[in-house]
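Colleague: Dropping the structure in here first, questions after.
The values are calculated or read from the model by the stated rules, or taken from the named source; none is laboratory data. Just so it is clear, the structure is predicted and the values come from calculations on it, not from any experiment. So basically every Cβ, Gly included, is an ideal-geometry build from the backbone, and we count neighbours across all protein chains shown. Heavy atoms of the whole protein, side chains included, go into the accessibility calculation; ligands, DNA and RNA do not. Shrake-Rupley method; radii C 1.70, N 1.55, O 1.52, S 1.80 Å.
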Amino acid sequence: DTEVTQTPKHLVMGMTNKKSLKCEQHMGHRAMYWYKQKAKKPPELMFVYSYEKLSINESVPSRFSPECPNSSLLNLHLHALQPEDSALYLCASSLTRRWGVGMNTEAFFGQGTRLTVV
Amino acid sequence: EDKVVQSPLSLVVHEGDTVTLNCSYEVTNFRSLLWYKQEKKAPTFLFMLTSSGIEKKSGRLSSILDKKELFSILNITATQTGDSAVYLCAVAGGSQGNLIFGKGTKLSVKP
């Protein structure tokens, strides 16, 4: 199983709503990532969790709140978003955050959640 | 500043053609270089390269890394319309060891 599963696939929310994106993997990966991707742009890193601890927050606004309840799950809680936050939100996982020779840490991506903020 | 530059940004070919996509990088603490194919949604993993000069091959796709000249190429032979996608190059490295993405090459294969 080399799958990263994200739910929901599509989400439309108002600026006052609270919603959550979910990501799950059962590959035993200990690093999990949230990326944001706008149309025709590459993915931009938002958060990195390593062994269930937040290790990187790329200056993301507090209206995005990540959570890693266990080694298989990663959530992204959304509150008071703006229309410019509309994007494809991608979750990814890799064996560890330690990339290097001899450590085949491919990063696998989920199918993404297409978020529209109205 | 760490950067990954892909060229061309877009490319239109006909079925059966061979294409070469380029990825050059200036990244501190280089760890590995990854190629992804992205159609409508998630990037799908193609190759990870860590050593210079060793070609990785999967069907009609192949890739090689040159760590001296700091670039990689992705070759696709006998292209098919199903190869139409954005091809992303990413380098693991930098101060945090994260994936640094290029802007991608949009490949369109016409019948």
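Colleague: Would you mention how many residues in the stretch A:36-54 are more than 10 Å from chain B (Cβ to nearest Cβ) and at positive phi?
Modeller: Looking only at that region, the number is 2.
Colleague: Another question, then. So if I check each of A:Asn57, A:Asn75, A:Asn70, which one is more than 8 Å from every other protein chain (Cβ to nearest Cβ), under 13 Å from the mean Cα position of the chain (by Cα) and open to solvent by 30 Å² or more (accessible area, probe 1.4 Å)?
Modeller: The conditions single out A:Asn57.
Colleague: Also: Considering only residues that are closer than 15 Å to B:Gly97 by Cα and of a type in the set (A, V, I, L, M), which ones fall in the stretch A:20-76?
Modeller: If the condition is that a residue be closer than 15 Å to B:Gly97 by Cα and of a type in the set (A, V, I, L, M), then A:Ala31, A:Met32, A:Leu45, A:Met46, A:Val48, A:Leu54, A:Ile56 are the ones that fit.
Colleague: Mind checking which pairs have a first residue in the stretch B:63-78 that is of a type in the set (Asp, Glu) and a second that is modelled with pLDDT of 95 or more, Cβ under 9 Å, 6 or more apart or different chains?
Modeller: Short answer, once both residue conditions are applied: B:Asp66/B:Ser72; B:Asp66/B:Ile73; B:Glu69/B:Ser24.
Colleague: Shifting gears a bit: Tell me which of these B:Ser95 doesn't satisfy, since it passes every other one: (1) within 14 Å of chain A (Cβ to nearest Cβ); (2) closer than 12 Å to B:Lys37 by Cα; (3) among the hydroxyl-bearing types (Ser, Thr, Tyr).
Modeller: (2)
Colleague: Is there a residue being in contact (Cβ under 8 Å) with a residue 60 or more places away in the chain, within 20 Å of A:Val12 (Cα to Cα) and of a type in the set (Phe, Trp, Tyr) anywhere in the stretch A:61-79?
Modeller: Within the stretch A:61-79, none of the residues are in contact (Cβ under 8 Å) with a residue 60 or more places away in the chain, within 20 Å of A:Val12 (Cα to Cα) and of a type in the set (Phe, Trp, Tyr).
Colleague: Continuing with the same structure: Is it the case that the stretch B:84-95 has a residue that's among the β-branched types (Val, Ile, Thr), farther than 30 Å from A:Phe47 by Cβ and either open to solvent by 40 Å² or more (accessible area, probe 1.4 Å) or at pLDDT 95 or above (or both)?
Modeller: Looking through the stretch B:84-95, none of the residues is among the β-branched types (Val, Ile, Thr), farther than 30 Å from A:Phe47 by Cβ and either open to solvent by 40 Å² or more (accessible area, probe 1.4 Å) or at pLDDT 95 or above (or both).
Colleague: For the structure I just gave you, tell me whether A:Lys9 is in contact with an Asp or Glu (Cβ under 7 Å, 6 or more places away or on another chain) and among the basic types (Lys, Arg).
Modeller: Judged against the criteria, A:Lys9 is not a match.
Colleague: Then there is this: What residue, among those in the stretch B:45-82 that are of a type in the set (Phe, Trp, Tyr) and open to solvent by less than 70 Å² (accessible area, probe 1.4 Å), is nearest to the other protein chains (Cβ to nearest Cβ)?
Modeller: Top of the filtered list is B:Phe45.
Colleague: Restricting attention to the stretch A:78-102, and to residues there that are crowded, with 16+ Cβ neighbours inside 10 Å and more than 20 Å from B:Asn98 (Cα to Cα), which single residue is nearest to the other protein chains (Cβ to nearest Cβ)?
Modeller: A:Ala87
Colleague: Is at least one residue of the stretch B:4-14 surrounded by 21 or more Cβ atoms within 10 Å (Cβ to Cβ), in contact (Cβ under 8 Å) with a residue 24 or more places away in the chain and not small (Gly, Ala, Ser)?
Modeller: yes
Colleague: Let me ask something else about it. Filter the stretch B:64-82 down to residues that are in a strand (DSSP E or B) and among the β-branched types (Val, Ile, Thr) and give me whichever is nearest to the chain's Cα centre (by Cα).
Modeller: B:Ile73
Colleague: Might you let me know whether the stretch A:14-26 holds any residue that is without any contact (Cβ under 8 Å) to a residue 24 or more places away in the chain and of a type in the set (D, E, K, R)?
Modeller: No, because not a single residue in the stretch A:14-26 is without any contact (Cβ under 8 Å) to a residue 24 or more places away in the chain and of a type in the set (D, E, K, R).
Colleague: For B:Lys41, work out the one condition from (1) part of a strand (DSSP E or B); (2) within 11 Å of chain A (Cβ to nearest Cβ) it doesn't fulfil.
Modeller: (1)
Colleague: Scan the stretch B:83-111 residue by residue and report those that are in contact (Cβ under 8 Å) with a residue 12 or more places away in the chain, over 15 Å from the mean Cα position of the chain (by Cα) and not in a strand (DSSP E or B).
Modeller: B:Gly94, B:Ser95, B:Gly97, B:Pro111
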